[in-house]
1. Taking region 541-580 on its own, how many of its residues are among the hydroxyl-bearing types (Ser, Thr, Tyr), away from the ligand (no atom under 14 Å from the Cβ) and either part of a loop (DSSP other than H, G, I, E, B) or surrounded by fewer than 24 Cβ atoms within 10 Å (Cβ to Cβ) (or both)?
2. Among the candidates Tyr79, Tyr5, which residue alone is under 21 Å from Val151 (Cα atoms), in contact (Cβ under 8 Å) with a residue 60 or more places away in the chain and among the aromatic types (Phe, Trp, Tyr)?
3. Suppose we filter Asn470, Asn524 for residues that are at pLDDT 95 or above, surrounded by fewer than 19 Cβ atoms within 10 Å (Cβ to Cβ) and either within 16 Å of the ligand (Cβ to nearest atom) or not β-branched (Val, Ile, Thr) (or both); which single one remains?
4. Within region 87-128, can you find the residues that are out of contact with any Gly (no Cβ under 6 Å at 6 or more places or on another chain), assigned to a strand (DSSP E or B) and open to solvent by less than 70 Å² (accessible area, probe 1.4 Å)?
5. Hey, which of the strands (runs of 3 or more DSSP E) in region 625-727, taking only ones fully inside, have at least 1 residues that are among the charged types (D, E, K, R)?
6. For residues that are farther than 13 Å from Arg726 by Cα and open to solvent by less than 10 Å² (accessible area, probe 1.4 Å), tally how many sit in region 656-667.
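The values are calculated or read from the model by the stated rules, or taken from the named source; none is laboratory data. Predicted, not measured: the structure shown is a model, and the values here were computed from it. Positions of Cβ are generated from backbone atoms using ideal geometry, with glycine treated the same way; all protein chains shown enter the neighbour counts. Keep in mind that these areas ignore ligands, DNA and RNA; they rest on the heavy atoms of the full protein, side chains included. Shrake-Rupley method; radii C 1.70, N 1.55, O 1.52, S 1.80 Å.
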Amino acid sequence: MSIIYNEASKMFSLYAKDTLYALAVVDEGYLSHVYYGKTVPDSDLTYLLRLDEGPFYPSKNRRETASFMDCQPFEYPCYGTGDYRESCLMVMDKDGMSACDLRYVSHKIYKGKPKLEGMPATFAEENEAETLEIIMLDKHLGMEAVLVYTVFEELNAITRSVRITNKGSDPFKLTRVLSMCVDFETDKFDMITLNGSWARERALERARLHCGKQSVDSARGESSHQSNPFFALVSPNADEDMGEAYGFNFVYSGNFFAQAEVTQFERTRAVMGINPLDFAWLLESGETFTAPEVVMVYSANGIGDMSRTFHDLYRKHLIRGEYKNKRRPVLINNWEATYFDFDTDKLISIAKEASKLGIEMLVMDDGWFGHRSSDDSSLGDWFVNENKLKGGLKYLVDEVNKLGMKFGIWFEPEMISPDSDLYRAHPDWAIQIPGRVSTQSRAQFVLDYSRKEVRDHVYGMLRKILDNANIEYIKWDMNRQLTEVGSTVLPKDRQRELWHRYVLGVYDLQERLTTDYPHILLENCSGGGARFDPAMLYYSPQIWTSDDTDAVERLKIQYGTSICYPPSAMGAHVSDCPNHTVGRVTPFETRGYVAMVGTFGYELDVTRIPQEDRDAIPGQIEMFNKFNPLVRNGDQYRIGNVNEDNTWDAWMFVAKDKSEAMLTVVQVLARPNYKSRNVKLKGLDPKAMYRNEETGVVLSGEALMNCGMNFQFWGDFRGKIVHLVRV
Ligand code: GLA
């Protein structure tokens, strides 16, 4: 049994593999957080709450409840009743008052994991997970909160979400509903976050916690390039292989808020949820609001182990669909090859050459619809521009299919260009504040996806395209952030719901799309990697990682992304040089090594690249096919860290049964007067013998991990892949 309730101590013990998470009902029905960390046998841990120390416990000292409120570790703290730390819940009641106060009513424990209505979430079979629901009540408001915890039996993972229902007769507004709070005993943590910008997403940052609040967030309407909805608290000595790590990841694609707060008592409150900024949700009597899911992963064995748990969880319990466990077709995308300047002949010429080299799918990127020939028109006009695609889409797709290749297409379904038929017909469909000039970004506005008729209309256009030709892949892009967030149809007391309703609208359409077209491989994208979040993984088994395709920049981006997302879900392409984002020239071979640990494909004009690069493609594809099962199913071990030492990088993928491994080593900058670099391997079976498939040399796992292997490179940006097989 994974979840145990002890009647005597009123403590809940949630066991997830080697993790224990404990909480307890205390005096007057408060729900306190007891412990989160390495598992300990079932025992009464409520002594950790120190309820016998000091005079502050309500039953001991009624006149001093405030001190109790401000130091007790709470599971789901409420605003306005004496807990001055960050709260999870805040309301505005019918009189404009904001305090709330939840007390325990009852609980239930059951097998499996419930769905989150209309929202993405991890899932599990009955025998894989167990769920605890704790029902809490604010009597004054008639507000019920159900705290939902699911533990995964085989993984050190626990998920949380919250459902709030108005059980009273008067309406109230939720002005803050976070999904998770953990009150830690200590403030001795480093905080890891993944931050950046366009073309340099998810750069890892690590800093010691200090008194006060340290947060990351997005208020842009998407999870964002700037900060990822992830943070980890790790012990100061933690590295890839040792120390404690607690990772938190929000299964959400809109505005988020994640914070660690060091309190006056040198403890840490960690919270995560929908960004309360500009958020409000009206709950009429009987209505329910569901807060999205937070995934919590604990590791007693370093940051690498935490990452591997996230990877396993997402590969097995989040990603869905036909491609979940399948190798993805090797694609060639025409964006960096042609940008907007293409026609049927150009695309067919690329496909012809690509098919000869073994590339399996042509993806037609932005610019095929309306009268789009630059980025300033036609979003929303999802019909084919027959001036560019002479003979229409079906002709093109058939020709590509005749070459033995699949065909994929780009859409940006959430957007509307002011210069579009759609905008001319429905200017009110754009998100806007009537009477105020709307801010343009990339010459486009955002559609009001809270409106079903808008979604239906866009979906109708998409369907026409999809039903007209044999399309087997979609890149769903989203290229601007939200401003002037107003809807022309929502009533004024529901306008602040638009941020969240918008995200729910996106989920609705992606759910419909993946249900109606289960054979289509979906890749999400947002100006590169601004929506690399777990919610998107629920709909698409891969996400475009970054518009930066330079092999060296990708080392950092893919390193940071792998902190909580599986590399097998990272869209990664070999592109042309000098690289279009940074102007760097790297060997074709190295670009392949870096893209190969993602979904793998090409983004270049294959008819124009040097002959020797073209000649290298069949070999690269063969290599990708060989190693992809390891990347998809194996365990990743990060060895180098380009963020700390930008002269080299290395990583491994090891089969779960340790029978096989791949090691990639990249020398970023050559070092003069330096002998070979020694790289110590990880994750192998120490007692087993491994053969280097290239050299035939056999060494024990022990030797490879303790003594390492030597690598010598000549020149910058050189790399190597080593394949080890157990003998
Ligand atoms: C975004 C994507 C790119 C490309 C362009 C097209 O920037 O990230 O890959 O599709 O849009 O406009």
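1. Here is the first cut: in region 541-580, the residues among the hydroxyl-bearing types (Ser, Thr, Tyr) are 545-546, 549, 559, 561-562, 565, 568, 575.
From what's left, away from the ligand (no atom under 14 Å from the Cβ): 559, 561-562, 565, 568.
Imposing the further condition that a residue be either part of a loop (DSSP other than H, G, I, E, B) or surrounded by fewer than 24 Cβ atoms within 10 Å (Cβ to Cβ) (or both) reduces the set to 559, 562, 565.
Total satisfying the criteria: 3.
2. Details: Tyr79 fails: under 21 Å from Val151 (Cα atoms).
Criteria check complete, one pass: Tyr5.
3. Numbers: Asn524 fails: surrounded by fewer than 19 Cβ atoms within 10 Å (Cβ to Cβ).
Selected residue: Asn470, the only one of Asn470, Asn524 that is at pLDDT 95 or above, surrounded by fewer than 19 Cβ atoms within 10 Å (Cβ to Cβ) and either within 16 Å of the ligand (Cβ to nearest atom) or not β-branched (Val, Ile, Thr) (or both).
4. Within region 87-128, Leu89, Met90, Val91, Ser106, His107, Ile109, Tyr110 meet the criteria.
5. Working: elements: 635-638, 648-654, 660-667, 677-679, 689-692, 698-700, 709-711, 718-726.
Ranges flagged: 635-638, 648-654, 660-667, 677-679, 689-692, 718-726.
6. Going through region 656-667, the residues farther than 13 Å from Arg726 by Cα turn out to be 663-667.
This time we only want the ones that are open to solvent by less than 10 Å² (accessible area, probe 1.4 Å), so: 663-666.
Qualifying residue count, region 656-667: 4.
Residues checked against (1) in a helix (DSSP H, G or I); (2) open to solvent by 30 Å² or more (accessible area, probe 1.4 Å):
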| position | (1), (2) |
| --- | --- |
| Arg463 | yes, yes |
| Lys475 | no, no |
| Ser487 | no, no |
| Gln510 | yes, no |
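So that you can scan it fast, the table gives a plain yes or no per residue for (1) among the charged types (D, E, K, R); (2) touching a helix residue (DSSP H, G or I) at 6+ places or on another chain (Cβ under 7 Å):
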| residue | (1), (2) |
| --- | --- |
| Ser378 | no, no |
| Lys388 | yes, no |
| Lys394 | yes, yes |
| Gly404 | no, yes |
| Gly408 | no, no |
| Pro418 | no, no |
| Ala443 | no, no |
| Leu447 | no, yes |
| Asp467 | yes, no |
